[in-house]
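Right, one structure below, let's go through it.
The values are calculated or read from the model by the stated rules, or taken from the named source; none is laboratory data. These numbers come from a predicted model, not from an experiment. Ideal geometry is used to build each Cβ from the backbone, glycine not excepted, and the neighbour counts take in all protein chains shown.
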Amino acid sequence: MPLIRAAEDSFTGYSCLVEDPDSIEVDSVQWPVQAWCPIDEGTGDEGGWVKGTFRCKWRGDVLYGENEAVNDRYLPG
């Protein structure tokens with residue numbers, strides 16, 4: 001997986017960099033439908049958002065993440 005430096009041009013089409021979270025409105029929309037994987041009616045836009053800390057830590061060659069806002073753990077890379 002290549003590392004890409006976060007910049008406005010590298011986020012184009014995906015997201016944007018935010019310096020003041022209180023100055024931006026975030027829409028919760030349904031993710032794109034793939035022909036081979038339909039989305040059940042009434043689902044796909046339930047993620048929403050919460051405010052909290054996301055911590056990452058390398059252990060050897062594995063990057064672990066922990067989302068304190070939703071009390072969950074991830075293996076991002």
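Only one of these is more than 14 Å from the chain's Cα centre (by Cα) and either surrounded by 10 or more Cβ atoms within 10 Å (Cβ to Cβ) or at pLDDT below 75 (or both): 48, 44, 52, 65. Name it.
Unique residue meeting the criteria: 44.
Do any residues in the stretch 1-27 that are exposed (fewer than 10 other Cβ atoms within 10 Å of the Cβ) have Cβ atoms under 9 Å from those of residues that are among the acidic types (Asp, Glu) and modelled with pLDDT of 80 or more, where the two are at least six apart or on different chains, and which pairs are they?
What qualifies is 16/8; 17/8.
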